[in-house]
Amino acid sequence: MSRYLSRFKGLLSDDRDRSWRSWAAQKLQRKPEACSETLVLFPGWATRRYHPGSSSESAPFDIEASVSGYATSCRTNAPMTRSQRAFIRIAKGFAALPRITDQPMTPDENFNPLGDDLKTLEQQFRSLNTEDSDTESSPSPSFLTAPPRQINTPLDVLQKLHCNLESRVQLFWSSCLSARTVRLHLFASPRDSLSFDAAHRHVEDDAHRPIATVDVLTGVDGSFNARVCIPWEKLCEHHRGVYIAYGLPAEEHDLVIVAELLPPPVLNTSVSTPNITSQTAQDPLKAIFIWTPIRIISDIDDTVKMSGITEGARAVFHNVFVKELKDGIIPGMGEWYTNMWERGVRFHYVSNGPFEYLSILHEFFSLSKLPPGSIKLKSYAGRSLLSGLLSAPAARKRAGVIEILDSFPDSNFILIGDSGEQDLELYADLAREREDQILAVFIRDADEASYAPIQDPTGWEMVDAGKAGMRIDSEPLLDYSRSSSSA
């Protein structure tokens, strides 16, 4: 009997060995998945750096340009994995997004299609906020407060909301490309004299050749942040650089930046590598080059874009990933910023939002008519996609604000933020530390819906009235009687 059992075990062992060998052979013979590489540039800035000892605006100077971006890789034409589909399902419940059905939606106080999965996601966001909180941070918002349910929503609108969530979440499904070489080409031109097509073709002649070319290496999170210096001598020798070198100091120019993601080095040709379709050149980007005495550093979330940070994690998730971008426009901000832009003020946007947030911001800026400017976001590689939207902002935003202040020591700044992200505390500290550089601080009340609006909150009506010689009304800006009655 034992002899038959041993033979049977031997047959099982042979079958297992053969099945394992066949599985391994299939794995080795399988073609590697195709990947697409993407290189993204953040809007940057450029400025003059006069040589030491120079006392006049006609003295020699170098150009310093700030160029930053990040490189990622993702599978092309590949279906979602099981974990990605599960996350989409949980995310839709977290955002209180009903399922798409042909039947009209009816109110349901006990709506909770995910059960324990929703509680798990809540705990993830709660622990995220705890890890990122500062010792002096404000009380955490209610994480269990759900955003408004989409009741009786037309089917086409509901389908659009589902599409918004799926497309925006997929922006975060990529891998960082670390230790990769990015080649930056900088083209000089007077305003609108060099077309993007000419820069993109890298025409090697005196008129269109780059004024500078540098190679930078991406970090562990796939990002790079380069300060490119163009010496005075190169400006004078370049066909278009002379327009900047000998032009008027207040004349505005463009630096057109073209970035190339170079292929990775092949270390071992005997080992098969994935089929990589590398996007070696991104669409050119303009970095506005101008000297201006006044600049603005502006927050984004709940300052120029309604995000609902004070309403909790679920409201933030719904506002950022589900809501139509046009519904996040804060009335008056685009007009106010554009008014200042037309008066010669230039903008720098600083946010704790993640890198992947950039494409959403580009679309939102276009819808809300916000003026262009440099954009500085943060890297949260390997962490939750909501890290930047829910982390304690003040300490982490300070470094980005300080970098801009230090980059323009001869400019004065107006700092604009909101009351929901400790911007007031941060800006007040900076105003005390740099009283000669900070002109003013504006804070938008993120809880403005709880009381009557302030008349002429930006002060432009008073300024215009004063210029016209009109008597400025002495009534208080805030109508306390209406405010108390509505409370």
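Name the pairs whose Cβ atoms lie under 7 Å apart, with the first residue in segment 72-90 and assigned by TED's automatic domain parsing to the domain that holds E166 and over 29 Å from P264 (Cα atoms), the second surrounded by 11 or more Cβ atoms within 10 Å (Cβ to Cβ) and among the charged types (D, E, K, R), and 6 or more positions between them or separate chains?
I88/E166; I90/D117
Out of the residues in segment 337-353 that are part of a strand (DSSP E or B) and not hydroxyl-bearing (S, T, Y), which is nearest to the chain's Cα centre (by Cα)?
G353
Right, L325: within 22 Å of the chain's Cα centre (by Cα), among the aliphatic types (A, V, I, L, M) and at pLDDT below 80 or not?
For L325, the condition - within 22 Å of the chain's Cα centre (by Cα), among the aliphatic types (A, V, I, L, M) and at pLDDT below 80 - is not met.
Yes/no matrix, rows are residues, columns are (1) farther than 29 Å from H362 by Cα; (2) modelled with pLDDT of 85 or more; (3) part of a strand (DSSP E or B); (4) not small (G, A, S):
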site	(1), (2), (3), (4)
L5	yes, no, no, yes
A25	yes, no, no, no
K31	yes, no, no, yes
E37	no, yes, yes, yes
V67	no, yes, yes, yes
R85	no, yes, no, yes
M105	yes, no, no, yes
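Could you name every one of the strands (runs of 3 or more DSSP E) located completely within segment 161-247 that has at least 2 residues being at pLDDT below 90 and buried (at least 18 other Cβ atoms within 10 Å of the Cβ)?
So the answer is 181-190.
Of all residues being farther than 22 Å from H185 by Cβ and of a type outside the set (A, V, I, L, M, F, W, C) in segment 248-264, which is surrounded by the most Cβ atoms within 10 Å (Cβ to Cβ)? Just the residue, please.
Residue satisfying both the conditions and the ranking: E251.
Give me the residue from segment 265-320 that is assigned to a helix (DSSP H, G or I), of a type in the set (V, I, T) and buried (at least 19 other Cβ atoms within 10 Å of the Cβ) and, out of that set, modelled with the highest pLDDT.
V320
When segment 87-103 is examined, which residues are found to be surrounded by fewer than 17 Cβ atoms within 10 Å (Cβ to Cβ), at pLDDT 50 or above and not in a helix (DSSP H, G or I)?
R99, I100, T101
Any idea which of R227, R240 is closer than 22 Å to S58 by Cβ and in contact with a Ser or Thr (Cβ under 7 Å, 6 or more places away or on another chain)?
Of the residues listed, the single one that is closer than 22 Å to S58 by Cβ and in contact with a Ser or Thr (Cβ under 7 Å, 6 or more places away or on another chain) is R240.
The values are calculated or read from the model by the stated rules, or taken from the named source; none is laboratory data. Because the structure is a prediction, the values reported are computed rather than measured. Ideal geometry is used to build each Cβ from the backbone, glycine not excepted, and the neighbour counts take in all protein chains shown.
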